[in-house]
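Right, one structure below, let's go through it.
What follows is calculated from the coordinates using simple rules that are stated; it is not laboratory data. The structure presented is a predicted model; accordingly, all values stated were derived computationally and were not measured. Don't worry about glycine lacking a Cβ; one is built from the backbone with ideal geometry, like all the others, and counts go over all protein chains shown.
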Amino acid sequence: MTIEQHALLPDYDLIEACLSGNSRAWEALLSRYQRLIYSIPLRYGLQEQDANDIFQNVSILLLENLPRLRNRERMGAWLVITTRRECWRALRQRQDTSLNVDTEPIDEQLSSQPHSEDGFLALERQSIIRSALTQLGPLCQQLLTLLFYAEPRPSYSQIAQELTLSEGSIGPTRARCLEKLTSILQKMGFSEM
């Protein structure tokens, strides 16, 4: 089974494959949740280097704890909690090693950061959707990225020009691409569309 085929598996099956020692499944699992894990330290105002370190730490913790993960369908929530704890640890370490007395206390830094559970659940959903998006063909990937992720959002005429499509075909193509995306998400066990 290829990495792309593993990426289509629901979390439960992907975790089972990881536990059986399948390195492609492990790569697909990390790829699925990479954006989610990286986004959390960045939301806490940590630098990219810190986010890299936190990603590595969370990956190691996941590998160590995967056999003991009780609710495998909620692995995204486990990753959010674990990543938040790693962020707090990094912020505390930074405060402990900082010689600057003007540094804002860690409790104030943490309380001022946007980290509601709803926000992190939305990040988890977005991470899974982006993972599914990579399973689409190039045209669908480009079209949906331009329609839903590009800032500023391009006009239909700009999209048509960039993708060498007629303007009138964008709507029907979008509908077909969204159907494919929905199918991929359902195969992955994602039912919150």
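Stretched out straight at 0.36 nm per residue, the stretch from S155 to K187 would grow longer than its current Cα-Cα span by 8.3 nm.
For the range 70-85, backbone phi angles converted through the Karplus equation (6.51, -1.76, 1.60; θ = phi - 60°) give residue-by-residue couplings of 6, 10, 5, 6, 10, 4, x, 5, 4, 5, 4, 4, 5, 5, 4, 4 Hz, Gly and Pro being listed as x. Any idea what % of Cα-Cα pairs in the range 137-193 are farther than 14 Å? Roughly 56 percent, once rounded to a whole number. For the range 1-55, the residue among L19, N52, T2 whose Cα projects farthest onto the positive side of the dipole built from Cβ charges is N52.
Which FRET efficiency, nearest 0.05, do L163 and S20 yield, Cβ-Cβ r, R0 41 Å? Could the numbers behind the result be given before it?
Working: r = 41 Å, r/R0 = 0.99.
Once the sixth-power term is evaluated, E becomes 0.50.
Please report the relative contact order for the range 137-193, taking Cα pairs under 8 Å with a sequence separation of at least 6, and give it as a percent rounded to a whole number. List each step's numbers first, then the result.
Details: 25 pairs, mean separation 16.4, N = 57.
29 percent.
Applying 1/(1 + (r/R0)^6) with R0 = 30 Å to the Cβ-Cβ distance of L139 and L30 gives a FRET efficiency near 0.65.
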